[in-house]
Structure formats: C-alpha cells, structure tokens
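What follows is one structure encoded as structure tokens, with my remarks underneath.
Nothing in this text is a laboratory measurement; each read-out follows from the coordinates by a stated rule. Because the structure is predicted, anything quoted here is derived from the model rather than measured. A quick note on method: Cβ atoms are made from the backbone with ideal geometry, for glycine too, and the neighbour counts reach across all protein chains shown.
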Amino acid sequence: MHKVTPNPPPTPSLFSIAADASSETLITNSYETFSSVTALLLDLSEDLTGKQRDVALAIHQLSELGVLLLDRLMEREVSVAGS
C-alpha cells in the first residue's frame, strides 16, 4: 500500500518551536509560562516550611523578575508595532 503523505522530517528534540513563530507569539507564550510558574510556586510554598519554603520563594522571585522583563518587552513591541 502506498502512503499518501510522507513522513515528517525528524526533529532533534521532543518539543520544538515553529521557525516562523512571530516575536509577539514567542513573547506572549514566554510571559504566560513565567506567570504559570509563578502561580505554581506560590501554591507550593504554602505547603512547605523552613529552607524548602525559602528556596521555593526565591525561585518565585526570580520567575517574577522574568515576568517583569517580558512585560516591559511586550510594552516595547506594542509601541514599536503602533508606530
């Protein structure tokens, strides 16, 4: 039996990002990912105590910094696109 569609080319990793993804798409998805990590870490930290809680909250703070950086980048992208 002859296959109608060819096999897709192999990818070097399990997950990949589309080569034609726009900057807006990449920034938005990065922002949403950081925001999810931030929320998960806050939930997790409620169940922890001591050093483990401190580590979770430190990681949370770093992820919040990532959110702030991406937020500023999104503002720049919007202002550039609006110009």
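What angle, in degrees between 0 and 90 and rounded to the nearest 10, separates the Cα long axis of helix 23-46 from the longest principal axis of the Cα atoms of the chain?
Helix 23-46 sits at roughly 40 degrees to that axis.
Quick one: order Ile59, Ile17 by neighbouring beta-carbon count within 10 Å, fewest to most. Intermediate results must be reported in sequence, preceding the final value.
Working: Ile59 16, Ile17 10.
By the 10 Å Cβ count, ascending: Ile17, Ile59.
Summing -39500 (n - 2.57) over the DSSP H runs of n ≥ 4 in the chain and dividing by its residue number, what mean residue ellipticity at 222 nm do you reach, to the nearest 500 deg cm²/dmol?
On the way: 2 runs with 57 residues, N = 83.
One gets -24500 deg cm²/dmol as the mean residue ellipticity at 222 nm.
Rounded to the nearest 10 degrees, what's the angle between the helix 50-82 long axis and the longest principal axis of the chain, both from Cα atoms, 0 to 90?
50 degrees
Is the shape of the chain best called rounded, prolate or oblate, per the rule: a/c under 1.5 gives rounded, else a/b larger than b/c gives prolate, else oblate, with a ≥ b ≥ c the square roots of the Cα gyration tensor eigenvalues?
Here the chain falls in the oblate category.
Could you put Val4, Val78 in order, starting from the residue whose Cβ has the fewest other Cβ atoms within 10 Å?
So the residues, fewest neighbours to most, are Val4, Val78.
Scan the chain for chymotrypsin sites (Phe, Trp or Tyr not before Pro) in coil per DSSP, keeping those whose Cβ has at most 13 other Cβ atoms within 10 Å, and list them by number.
Loop-located and lightly packed - Phe15.
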